[in-house]
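Participant: Structure provided below as structure tokens; questions to follow.
The values are calculated or read from the model by the stated rules, or taken from the named source; none is laboratory data. Please read all numbers here as calculations on a predicted model, not as lab measurements. Here the Cβ is made from the backbone with ideal geometry for all residues, glycine too, and neighbour counts use every protein chain on show. What goes into the accessible areas is simple: the full protein's heavy atoms, side chains included, and nothing from ligands, DNA or RNA. Shrake-Rupley method; radii C 1.70, N 1.55, O 1.52, S 1.80 Å.
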Amino acid sequence: MINPTEYLPKSYHPRVSTYWWLTRWVYLKFILREASSVFVAWTVILTLLQIRALAAGPARYAEFQDWLRSPLLLVLNAVSLFFVVFHAVTWFNLAPKAMVVRVGGRRLPNLAISAPNFAAWAVLSAAIAWILMRG
Amino acid sequence: MANRITIEVTRYDPAQDEKPRFDSFEVPLRKEWVVLDALNYIKDHLDGSLTFRWSCRMGVCGSCGMTVNGVPKLTCATFLSDYAPGPVRVEPMKNFPVLKDLVVDTSDFLVKLEKSKPWIIRKVEKPLDEEYFQTPEQLEAYKQYSMCINCMLCYAACPVYGLDPLFIGPAAIALAQRYNMDSRDEGASERMDILSQHDGIWGCTFVGECTQVCPKHVDPAGAIQQYKLTATMEWVKALVLPRGSE
Amino acid sequence: MSKRSNEPFLWLLFSAGGVVSALLMPIHLLLFALAFPLGWLDGPGYEKLLVLLRHPMTRVYLLVLCSLPLFHWAHRFRFTLYDGLQIKHLSEFINVFCYGGATVGTVVAACLLWSI
Ligand code: SF4
Ligand code: FES
């Protein structure tokens, strides 16, 4: 590094590598957490395609179902499911960091905030499954 | 031999070197030794020119931060034996310019620290013979943040700071919270003006590693997310009540 | 207040989208993309789904499910491009791509849902 003036000490300025997120496991985990958003977006696209197929009539919907059964889509969706679950777990675990609830001057422990989140997740999932599969 | 360990240390002499390199030293591996003890051994017995900072040797001055095997650590609080059989790699703190060997230039942090106004701001001071009372609950609201020793390990761990040096960074924001949460302070909106800029809290992507490396459990990552929540509530309030109550 | 920033608004959308996608997406994906097509579970037939879809509540629900998570994606993807690939200098293009994409997605979802 060239000195701007002779009065400043000369110093070495390391540059952050483009692959900094591969240098430590914690950074990789962070990037995977962020990357989960791509699979969230994919899930939206899939849902929109499904609605379109539904609107286009039974034949098109059956075609859509076949398409879902193709190996490529199955693999893609299995990977998506992994990432979406990863997103949910990391999201609920981080919630207590952003939300501080004080009861009687004491901060509620992390678990008291993340546990209701996980419970809501379970209840909502069960409710959706029930609505879709009843009768 | 089991009772010796190899240490690889970054060397950089601004008068001669273009780039840093590593020197290896073999030092005794003693159970009670921390990494800083090994560095002092090198300086006393092997190479007197090795340059590094330290002062208190007990985790309170915050000057001995370095990168040990890739992770930001206070070298006076990091046991050598945890890295046996070695080798141990000791580098200067990441994300700061290196001045010599293990010494980094911390000026940037000091400027940012001052920007976040980490002192009590009052609209009107009480007369000197009156006290500011505080309950244990009020103390507890900010105590955690007041433990910060300005060691800058959180900056070394923060990829956002490494990539965008304009980012004001973890400790400065945590210390702003330290005063925002203090019942005696009235400066929250002044600080908000500075910290709600793009280079303030919004630059943070919640990597969370600042909190992991903090030796004092300050939890700067939590402080930043809570600050984001507060800033968002303010924003909503300003939207619902235009031209606010202030 | 000095310079008004739109970051709080974007962060609000990001967070709301994060909550919605965390709570609802795993089960949607599990059922519709894996369990039903593979026959692990008996899914609703075409007729039943259509009845469900025509219910106004379902439409509102699906609009929320499709819109907010897109803004969640936009936010995270923007920063991943900034930091992961170090292309912050392209930020204007990235912002248009991310938030523009989420807005377009929302409009498409609304049109689809109300045209049924
Ligand atoms: S917040 Fe923790 S890691 Fe950061 S400067 Fe303060 S004590 Fe060090
Ligand atoms: S020497 Fe003071 S903190 Fe390590």
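Participant: Which residue out of A:Leu81, A:Leu132, A:Leu54, A:Leu124 is modelled with pLDDT of 95 or more and open to solvent by less than 40 Å² (accessible area, probe 1.4 Å)?
Facilitator: Exactly one of A:Leu81, A:Leu132, A:Leu54, A:Leu124 is modelled with pLDDT of 95 or more and open to solvent by less than 40 Å² (accessible area, probe 1.4 Å), namely A:Leu81.
For (1) surrounded by 21 or more Cβ atoms within 10 Å (Cβ to Cβ); (2) more than 16 Å from ligand 2 (Cβ to nearest atom); (3) over 23 Å from C:Leu12 (Cα atoms), each residue gets a yes or a no:
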residue: B:Met152; (1), (2), (3): yes, no, yes
residue: B:Leu163; (1), (2), (3): no, yes, yes
residue: B:Ile194; (1), (2), (3): no, yes, no
residue: B:Gly203; (1), (2), (3): yes, yes, no
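Participant: Further question on the same structure: C:Ala16 versus (1) surrounded by fewer than 20 Cβ atoms within 10 Å (Cβ to Cβ); (2) within 7 Å of another protein chain (Cβ to nearest Cβ): which is the lone unmet condition?
Facilitator: (2)
Participant: Within region B:79-96, track down each residue that is within 14 Å of ligand 1 (Cβ to nearest atom), open to solvent by less than 40 Å² (accessible area, probe 1.4 Å) and either in contact with a Leu (Cβ under 9 Å, 6 or more places away or on another chain) or basic (Lys, Arg) (or both).
Facilitator: The answer is B:Met93, and nothing else.
Participant: When region B:168-183 is examined, which residues are found to be away from ligand 2 (no atom under 16 Å from the Cβ) and either among the small types (Gly, Ala, Ser) or within 17 Å of B:Asn150 (Cβ to Cβ) (or both)?
Facilitator: B:Ile168, B:Gly169, B:Pro170, B:Ala172, B:Ile173, B:Ala174, B:Leu175, B:Ala176, B:Gln177, B:Arg178, B:Tyr179, B:Ser183
Participant: Ok, one more. Is it the case that B:Tyr142 is at pLDDT 95 or above, hydroxyl-bearing (Ser, Thr, Tyr) and away from ligand 2 (no atom under 16 Å from the Cβ)?
Facilitator: The answer is no for B:Tyr142.
Participant: If you don't mind, another one. Hey, among the residues in region B:34-53 that are under 15 Å from B:Pro87 (Cβ atoms) and within 15 Å of ligand 2 (Cβ to nearest atom), which one's surrounded by the fewest Cβ atoms within 10 Å (Cβ to Cβ)?
Facilitator: B:Ala38
Participant: Which of the residues belonging to region A:1-20 are open to solvent by 50 Å² or more (accessible area, probe 1.4 Å) and either under 23 Å from the mean Cα position of the chain (by Cα) or at pLDDT 80 or above (or both)?
Facilitator: A:Lys10, A:Tyr12, A:His13, A:Pro14, A:Arg15, A:Ser17, A:Tyr19
Participant: Does region B:54-72 hold any residues that are closer than 20 Å to B:Phe25 by Cα and open to solvent by 60 Å² or more (accessible area, probe 1.4 Å), and which are they?
Facilitator: Once the filter is applied, which keeps residues that are closer than 20 Å to B:Phe25 by Cα and open to solvent by 60 Å² or more (accessible area, probe 1.4 Å), region B:54-72 yields B:Trp54, B:Asn69.
Participant: Take region B:40-59 and flag every residue that is away from ligand 1 (no atom under 16 Å from the Cβ), under 19 Å from B:Asp13 (Cα atoms) and not acidic (Asp, Glu).
Facilitator: Correct list: B:Asn40, B:Ile42, B:Lys43, B:Leu46, B:Gly48, B:Ser49, B:Leu50, B:Thr51, B:Phe52.
Participant: Here's something else I'd like to know. Show the residue pairs that are 6+ apart or on different chains and have beta-carbon atoms under 6 Å apart, the first residue being within region C:59-82 and surrounded by 21 or more Cβ atoms within 10 Å (Cβ to Cβ), the second being among the aromatic types (Phe, Trp, Tyr) and part of a helix (DSSP H, G or I).
Facilitator: Final answer for the pair search is C:His72/C:Phe14; C:Ala74/C:Tyr99; C:His75/C:Phe14.
Participant: Of these, C:Leu52, C:Leu113, C:Leu63, which one is within 19 Å of A:Val38 (Cα to Cα) and part of a helix (DSSP H, G or I)? Break it down stepwise before answering.
Facilitator: Numbers: C:Leu52 fails: within 19 Å of A:Val38 (Cα to Cα); C:Leu113 fails: within 19 Å of A:Val38 (Cα to Cα).
On inspection, the qualifying residue turns out to be C:Leu63.
Participant: Pick from region B:206-237 the residues that are more than 9 Å from every other protein chain (Cβ to nearest Cβ) and open to solvent by 40 Å² or more (accessible area, probe 1.4 Å): which of them is nearest to ligand 2 (Cβ to nearest atom)?
Facilitator: If we take residues in region B:206-237 being more than 9 Å from every other protein chain (Cβ to nearest Cβ) and open to solvent by 40 Å² or more (accessible area, probe 1.4 Å), then B:Pro215 is nearest to ligand 2 (Cβ to nearest atom).
Participant: Looking at (1) farther than 19 Å from B:Arg21 by Cβ; (2) within 14 Å of another protein chain (Cβ to nearest Cβ); (3) away from ligand 1 (no atom under 13 Å from the Cβ), can you tell me which one B:Leu99 breaks?
Facilitator: Single failed check for B:Leu99: (1).
Participant: Has region C:38-46 got at least one residue that is within 9 Å of another protein chain (Cβ to nearest Cβ), in a helix (DSSP H, G or I), free of Cβ contacts under 8 Å to residues at least 60 places away in the same chain and within 18 Å of A:Ile131 (Cβ to Cβ)?
Facilitator: The answer is yes; a qualifying residue exists.
Participant: Using beta carbons and a limit of 6 Å, which pairs, at least six apart or on different chains, have the first residue in region B:1-26 and within 14 Å of chain A (Cβ to nearest Cβ) and the second one among the hydrophobic types (A, V, I, L, M, F, W, C) and assigned to a strand (DSSP E or B)?
Facilitator: If the second residue must be among the hydrophobic types (A, V, I, L, M, F, W, C) and assigned to a strand (DSSP E or B), the pairs left are B:Tyr12/B:Val98.
Participant: Restrict the check to region C:84-92 and report whether at least one residue is more than 7 Å from chain A (Cβ to nearest Cβ) and either touching a residue at least 60 places away in the same chain (Cβ under 8 Å) or under 20 Å from the mean Cα position of the chain (by Cα) (or both).
Facilitator: No, region C:84-92 contains no residue that is more than 7 Å from chain A (Cβ to nearest Cβ) and either touching a residue at least 60 places away in the same chain (Cβ under 8 Å) or under 20 Å from the mean Cα position of the chain (by Cα) (or both).
Participant: Something else: Could you tell me whether C:Ser5 is open to solvent by 20 Å² or more (accessible area, probe 1.4 Å) and within 13 Å of chain B (Cβ to nearest Cβ)?
Facilitator: Taking the combined requirement at face value, the residue satisfies it.
Participant: If you don't mind, another one. So, in region B:54-63, of the ones that are in contact (Cβ under 8 Å) with a residue 40 or more places away in the chain and at negative phi, which residue ends up nearest to ligand 2 (Cβ to nearest atom)?
Facilitator: Once the filter is applied, the top-ranked residue is B:Cys61.
Participant: Give me the pairs: first residue in region B:35-53 and within 14 Å of chain A (Cβ to nearest Cβ), second residue away from ligand 2 (no atom under 14 Å from the Cβ) and not in a helix (DSSP H, G or I), beta-carbon distance under 7 Å, and six or more apart or on different chains, which are they?
Facilitator: Cβ pairs passing all conditions: B:Thr51/B:Lys100; B:Thr51/B:Asp101.
Participant: Show the residue pairs that are 6+ apart or on different chains and have beta-carbon atoms under 6 Å apart, the first residue being within region B:215-242 and over 25 Å from B:Ala157 (Cα atoms), the second being away from ligand 2 (no atom under 16 Å from the Cβ) and assigned to a helix (DSSP H, G or I).
Facilitator: B:Thr232/C:Pro8; B:Thr232/C:Trp11; B:Thr232/C:Leu12; B:Trp235/C:Pro8
Participant: Another one. For region C:84-95, what are the residues that are assigned to a helix (DSSP H, G or I), under 20 Å from A:Ser36 (Cβ atoms) and either modelled with pLDDT under 85 or open to solvent by 30 Å² or more (accessible area, probe 1.4 Å) (or both)?
Facilitator: The answer is C:Gly84, and nothing else.
Participant: From B:Glu137, B:Glu130, grab the single residue that is at the interface with chain A (Cβ under 10 Å from one of its Cβ atoms) and not aromatic (Phe, Trp, Tyr). Walk me through it before giving the result.
Facilitator: Details: B:Glu130 fails: at the interface with chain A (Cβ under 10 Å from one of its Cβ atoms).
The conditions single out B:Glu137.
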